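As structure tokens, the structure follows; a few thoughts come after it.
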Amino acid sequence: MKRVKLVVANWKMYLSVHEASLLTNRLDKVIKVHRDVEVVLAPNYLCLQPLSVEIDRRKFRLAAQDGFYIDDGAYTGAVSLSQMRDLVHYAIIGHSERRRYFHESFDEVRDKVAAAVRNDITPILCLGETKEERAQKETKQVLHDQIVTALSNLTSEDAENLVLAYEPVWAVGASEPASPDTIAAAVDWIRYQVRELYGQKTEASMRVLYGGSDEPEYVSGIMAIDGVDGLLVGRASLNYESFNDIVTAVHLAALSETND
Ligand code: 13P
């Protein structure tokens with residue numbers, strides 16, 4: 001099945017509102033509209049409203065980097081997925097930095113996935129093992145547990161639109177991405193888990209991304225891996241030239257698949 005490629009710029013806690021607007025402007029000048037690649041920008045909460053007005057919607061969609069699962073109420077400091085429903089198409093959920101620094105639990109991730117779906121926002125669910133878990137040969141178990149808990153409130157119809165991102169924690173902010181063999185094995189396993197839970201049709205329509213030290217020179221190798229539909233990019237998305245090179249390389253990968 002042919003799935004539209006997806007490239008997500010996770011700007012994390014970088015960029016002021018003004019800087020995000022400048023970067024978006026630069027990206028708009030260099031990035032071309034490719035029908036086979038969807039480009040998504042994930043700035044901090046403050047930028048979502050202004051960027052939603054500024055972006056060319058043929059080129060870019062917006063994602064939240066997180067979001068609270070209760071729709072509204074006395075939760076000082078929180079921003080709910082419900083409050084962002086008119087601003088974003090996607091929400092990154094369960095990023096390893098949220099799990100690590102904000103102690104996000106499996107249950108919270110599950111509730112955030114469900115809240116996103118309830119509010120017509122597509123979750124980009126992050127999965128991945130730590131260095132220690134990999135050393136202990138626990139990668140498969142970790143991915144299994146993350147998938148089964150996070151998706152436990154979803155029907156197969158909900159799950160079809162979901163995006164899963166394999167982001168091994170040890171490859172985030174590192175000097176190079178995981179090797180193609182490592183990514184291939186994890187993505188195969190992730191797709192197998194989804195098939196077990198929801199069947200072939202859901203798995204075939206679900207997009208799986210890779211994230212962790214993506215740089216332009218690695219893109220063609222990563223996109224050639226069976227079952228990988230795109231990238232979740234951190235640092236390289238803060239530079240308009242690198243990010244444009246990544247989007248272009250993903251487009252070329254999509255083209256070569258069409259010509260196969
Ligand atoms: P880097 O691309 O900076 O390694 O970050 C990856 C990431 O965490 C994207 O969500």
Query raised in the report: Ignoring ligands, DNA and RNA, what percent of the 1.4 Å accessible area of the range 114-260 is carbon and sulfur?
Result: 46
Query raised in the report: Can you give the Rg and Dmax of the range 112-192 based on its C-alpha atoms, in angstrom?
Result: 13.5, 38
Query raised in the report: Stokes-Einstein at 25 °C, 0.890 mPa s, Kirkwood radius from Cα pairs: D for the chain in µm² s⁻¹?
Result: 134
Query raised in the report: the range 109-160: which trypsin sites (Lys or Arg not before Pro) are DSSP loop and have at most 14 other beta-carbon atoms within 10 angstrom?
Result: Lys137
Query raised in the report: Could you give the distance between the Cα centres of the range 166-242 and the range 18-79, to the whole Å?
Result: 21
Query raised in the report: In percent, how large is the relative contact order of the range 204-260, given Cα pairs closer than 8 Å and 6 or more residues apart?
Result: 38
Query - Computed lengthening from Ala224 to Ala78, 0.36 nm per intervening residue step minus Cα-Cα distance - result: 48.6 nm
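For a distance above 24 Å, tell me the whole-number percent of Cα pairs in the range 1-139 that qualify.
Roughly 35 percent, rounded to a whole number.
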Query raised in the report: What accessible area per residue, rounded to a whole number of Å², is obtained for the chain using a probe radius of 1.4 Å?
Result: 48
Query raised in the report: What is the count of Lys pairs in the chain whose alpha carbons sit under 25 Å apart, if the two are 8 or more places apart or on different chains?
Result: 19
Query raised in the report: Considering only protein heavy atoms and a 1.4 Å probe, what is the carbon-and-sulfur percentage of the accessible area of the range 8-90?
Result: 52
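The values are calculated or read from the model by the stated rules, or taken from the named source; none is laboratory data. The model shown is predicted, which means the values in this text are computed figures rather than measured ones. Cβ coordinates were reconstructed from backbone atoms using ideal geometry, including for glycine residues, and neighbour counts include every protein chain displayed. Keep in mind that these areas ignore ligands, DNA and RNA; they rest on the heavy atoms of the full protein, side chains included. Shrake-Rupley method; radii C 1.70, N 1.55, O 1.52, S 1.80 Å.
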